[in-house]
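S.K.: I'd like to ask you about the structure that follows.
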Amino acid sequence: MEEPFEAHGVRGLLHRPDRANGDALALTHGAGSNCRVPLLARLAHAFEDAGYLVLRYDLPFRQQRPKGPPFPAGAERDREGVAQAAQALRTLTHGRIFLGGHSYGGRQTAMLAASRPDVAAALLLLSYPLHPPAKPDQKRTSFFPDLRRPALFVHGTADPFGSLEELRDAMALIPARTDLLAVEGAGHDLARAAGLAVDLIARLEALVRVD
C-alpha cells in the first residue's frame, strides 16, 4: 500500500507491505528527477512485495525547487536529508534500515554512511556516478576507503558516468563487503533494472546475512 508521507523534514511516498519482515528501505533520486521517477517506483513496489517498509523520498534540494539540479553548496544539507529519512523509518520499524539512491542520491547516501556507519545496515547504490561523462580523471571516490557498510552497486553496461571496469576498481577501495549487479545495455537511467528486482533484493540480503 502506497501513501503520501511528510514528517521529520522528509517528504515522499511510503509503501507499507501486507506482510512485513520488519526491515525498511529509504530510496531517493538523482540530480534531475524526484522520488516519483519510474525506476524508484518499480523498485519500491518490488521491495514492498518482499515485505519491506519502503520510503521513497525527495532530497532537500528537490523539496526546495521542483526542477533543476542541486547546488554543490547544498550537498551537506542533502546528506542530512538522507539521515532524516533513515530516522523517520526508525520511528516506524525496529528492524534493519537499508539506504539506497540513484546517481546523485546514491552518492550522498554513501558519503553519509562513510561518516556515520551506524546510519544503515547496507547500501543500495544505483548508477553510482564515478565521474562526469568523458572526464574519468575526476573520480568521486575519495571517501570509499572510509565506507564500512556493505554496498550493492547496480550499474548499466552503457553508463557514461563510469564503466564496469572502473567501478570494479573503485569498489576494491571499500573495506566493507560489496557486490555488483550489472545491467546489460542499460544507461545511467537504469531503465532495464526493474526486471532484475528479485535478484537485486536477494543480493542485498546476502550482503548482510553473513554479518
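Computed from the coordinates by the stated procedures, all read-outs in this text should not be read as laboratory data. The structure displayed is predicted, hence computed values, not measured ones. We place every Cβ from the backbone using ideal geometry, glycine too, and count neighbours over all the protein chains shown.
S.K.: Treat every Asp and Glu Cβ in the stretch 16-55 as -1 and every Lys and Arg Cβ as +1, leave all other atoms uncharged, and give the resulting dipole magnitude about the Cα centre to the nearest 20 debye.
M.R.: For this selection, approximately 140 debye.
S.K.: Further question: Tell me which residues come under 5 Å, amide H to amide H, from VAL154 once H is placed; ignore anything under 5 positions away on its chain.
M.R.: So VAL154 has HN proximity to LEU125, LEU126, SER127, TYR128, LEU181.
S.K.: Which one of GLY12, PRO72, ALA182 has its Cα pushed farthest toward the positive end of the charge dipole of the chain, where Lys and Arg give +1 and Asp and Glu give -1 at the Cβ?
M.R.: After comparing all options, I get PRO72.
S.K.: Please build a GNM for the chain, connecting alpha carbons under 10 Å apart, and tell me which residue among ASP18, ASP78, ASP159 fluctuates the most.
M.R.: Fluctuation is largest for ASP18.
S.K.: Taking the Cα centre of the stretch 1-106 as origin, sum charge times position over the Cβ atoms of Lys and Arg (+1) and Asp and Glu (-1), and report the length of that vector in debye to the nearest 20.
M.R.: Once rounded to the nearest 20, the dipole reads 220 debye.
S.K.: If each residue's Cβ is checked for other Cβ atoms within 10 Å, how do ASP118, ASP146, ASP189 rank with the fewest at the top?
M.R.: Fewest-to-most Cβ neighbours within 10 Å comes out as ASP118, ASP146, ASP189.
S.K.: Another question, if that's okay. So for VAL154, VAL198, VAL119, fewest C-beta neighbours within 10 Å to most, what's the order?
M.R.: VAL198, VAL119, VAL154
S.K.: Counting only C-alpha contacts under 8 Å and six or more residues apart, can you give the relative contact order of the stretch 2-209 as a whole percent?
M.R.: Reported as a whole number, the value is 17 percent.
S.K.: Separate question: May I ask what percent, to the nearest 5, of DSSP beta bridges between residues of the chain are antiparallel?
M.R.: 30
S.K.: Quick one: which residues, 5+ away or cross-chain, put their amide H under 5 Å from the amide H of ARG56? H built at 1.01 Å from N.
M.R.: Correct list: LEU13, HIS15, LEU27.
S.K.: Subtracting the Cα-Cα distance from 0.36 nm times the residue separation, let me have the gained length for LYS139 to ASP179 in nm, one decimal.
M.R.: Length difference between fully extended and current span is 12.4 nm.
S.K.: Placing unit charges on C-beta atoms (Lys and Arg positive, Asp and Glu negative, everything else neutral), compute the dipole magnitude of the chain about its Cα centre in debye, rounded to 20.
M.R.: Computed charge dipole of the chain: roughly 400 debye.
S.K.: In addition: What percentages, rounded to whole numbers, describe P(r) for the stretch 2-209 computed over all alpha carbon pairs with 10 Å bin width beginning at zero?
M.R.: The distribution over the stretch 2-209 is 9, 40, 40, 11, 0, given as percents.
S.K.: When the helix-only estimate is applied to the chain (DSSP H runs of n ≥ 4, each -39,500 (n - 2.57), divided by the residue count), what is the mean residue ellipticity at 222 nm, nearest 500 deg cm²/dmol?
M.R.: -9500 deg cm²/dmol
S.K.: Could you check the simple spin-label distance between LEU164 and VAL208, using points 7 Å along Cα→Cβ, in nm with one decimal?
M.R.: 2.7
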